[in-house]
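Every number in this text was worked out from the coordinates using simple rules, so none of it is lab data. Keep in mind the model is a prediction, meaning the values are calculated, not measured. Note that each Cβ is placed from the backbone with ideal geometry, even for glycine, and that neighbours are counted across all protein chains shown.
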Amino acid sequence: MCCNRLNRRHFLRLTTGAIAGVGLASPLMLRADDNAAWALDEWDPGRPFLVTGNALRVQPVLMYSTSQKREATSWKSWGGIQTEQAASEEVARISEELKSLCGTAGFPLMRP
């Protein structure tokens with residue numbers, strides 16, 4: 001039988017010890033000037049968020065289909081839009097919500 005076998009318990013002891021050693025040694029590896037750099041970048045709740053990147057493009061999607069009455073079957077869909085009039089009202093409501101969202105958002109938005 002080979003003497004280089006590593007059983008499960010021995011493996012777990014070794015990995016736990018290695019993780020603990022790295023965790024205990026990492027504060028010792030930090031230098032004083034690293035801590036000073038962290039102190040300069042403390043979180044300030046009054047400071048505005050950093051905005052990077054392009055403006056968010058909002059693309060609303062409204063999918064619906066109007067139901068046609070059929071005899072002896074269930075013909076209405078589950079959605080609240082059953083007529084063309086309801087669809088046009090929903091489009092108007094979504095457009096108004098997007099307009100108000102673009103005005104009140106704290107980041108740049110682009111409407112299609």
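For this structure, a couple of remarks:
- Counting 0.36 nm for each residue step from Ser100 to Ser65 and taking away their Cα separation leaves a gain of 9.9 nm.
- Loop sites in the stretch 45-112: trypsin sites (Lys or Arg not before Pro), DSSP, at most 13 other Cβ within 10 Å: Lys69, Arg70, Lys76
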